[in-house]
Amino acid sequence: MSGIKFSPGINFVPPLLPDELFYSLIAHLQLYNALPNSKTTLKLLLGSNCVIPSIDLPTHLDHFQQIMGEFSPFIDVNTLIEQATIFPYFGAFLSPTRNEQVISKLSSANGNELKTFVGIVANRFGASSKMKSCPECCLNDVADFGIPYWHRAHHLPGVDVCVFHKKTLNSFEIQSHLNNRLSLIHI
């Protein structure tokens with residue numbers, strides 16, 4: 001397999017599960033590949049052990065796609081953004097020029113003030129996303145896929161009820177309060 005650029009330490013790449021967030025995928029990559037800690041995972045997959053993994057609008061996606069190569073669950077970065085982030089929700093309300101600028105920020109390591117740039121802070125959604133889950137979705141995920149995961153639909157701004165089960169979501173503010181904000185939280 002010459003010519004394939006692939007990270008040492010990644011031996012198994014799970015498929016992207018239905019409605020799964022990119023954050024959840026990288027947390028699963030850490031788990032399935034027995035990577036020693038979040039810093040190692042973030043350095044390996046995102047090119048920096050200092051990046052704070054965002055559950056809603058992640059950055060460093062070009063690096064991820066380049067490192068994963070043909071083993072990536074995504075054809076390209078645009079597909080990753082479309083299928084595994086909540087950017088499509090915001091993109092619908094942005095001009096084409098602003099969309100391109102945001103996609104560029106998501107792709108690169110320069111995500112400074114991204115949430116302000118998108119308008120999340122001005123719209124009172126807040127810069128720090130809560131991690132949310134539905135207990136019934138978790139049970140179904142385990143039955144169907146063997147593991148629970150973070151769903152995109154649960155992380156849309158203003159969503160506090162599971163769109164699938166019509167039940168109040170459990171909400172966790174732990175990521176913004178962690179001493180180690182670099183941690184990848186498994187559901």
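The values are calculated or read from the model by the stated rules, or taken from the named source; none is laboratory data. Keep in mind that this is a model prediction, so the values were computed, not measured. Note: ideal-geometry Cβ built from the backbone for every residue, glycine included; neighbour counts use all protein chains shown.
Residue 37: surrounded by fewer than 22 Cβ atoms within 10 Å (Cβ to Cβ), in contact with a Leu (Cβ under 8 Å, 6 or more places away or on another chain) and polar (S, T, N, Q), yes or no? Before you say what the answer is, go through the steps one by one.
Numbers: surrounded by fewer than 22 Cβ atoms within 10 Å (Cβ to Cβ): yes; in contact with a Leu (Cβ under 8 Å, 6 or more places away or on another chain): no; polar (S, T, N, Q): yes.
When the stated conditions are applied, residue 37 does not pass them.
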statement: For segment 57-82, pairs from a residue that is at positive phi to a residue that is crowded, with 19+ Cβ neighbours inside 10 Å, with Cβ under 9 Å and 6 or more apart or across chains, are 60/42; 60/45; 60/46; 60/51; 60/106; 60/107; 60/111
query: How many residues are closer than 25 Å to residue 130 by Cβ and free of Cβ contacts under 8 Å to residues at least 60 places away in the same chain if we restrict to segment 26-45?
result: 3
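To keep it simple, each residue is scored yes or no on (1) in contact with a His (Cβ under 6 Å, 6 or more places away or on another chain); (2) at pLDDT 95 or above; (3) aliphatic (A, V, I, L, M); (4) surrounded by 14 or more Cβ atoms within 10 Å (Cβ to Cβ).
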{"site": "59", "(1), (2), (3), (4)": "no, no, no, yes"}
{"site": "80", "(1), (2), (3), (4)": "no, yes, yes, yes"}
{"site": "90", "(1), (2), (3), (4)": "no, no, no, yes"}
{"site": "95", "(1), (2), (3), (4)": "no, no, no, no"}
{"site": "109", "(1), (2), (3), (4)": "yes, no, yes, yes"}
{"site": "116", "(1), (2), (3), (4)": "no, no, no, no"}
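For segment 61-78, name all the residues that are among the aliphatic types (A, V, I, L, M) and surrounded by 14 or more Cβ atoms within 10 Å (Cβ to Cβ).
Correct list: 61, 67, 68, 77.
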Which numbered condition residue 150 fails, given (1) at pLDDT 95 or above; (2) within 23 Å of residue 39 (Cβ to Cβ); (3) loosely packed, with under 14 Cβ neighbours inside 10 Å: (3)
Flag if residue 133 is among the hydroxyl-bearing types (Ser, Thr, Tyr) and modelled with pLDDT under 95: no
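Condition check ((1) charged (D, E, K, R); (2) touching a helix residue (DSSP H, G or I) at 6+ places or on another chain (Cβ under 9 Å)) across all residues:
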position: 14; (1), (2): no, yes
position: 32; (1), (2): no, no
position: 39; (1), (2): yes, no
position: 49; (1), (2): no, yes
position: 52; (1), (2): no, yes
position: 59; (1), (2): no, yes
position: 74; (1), (2): no, yes
position: 80; (1), (2): no, yes
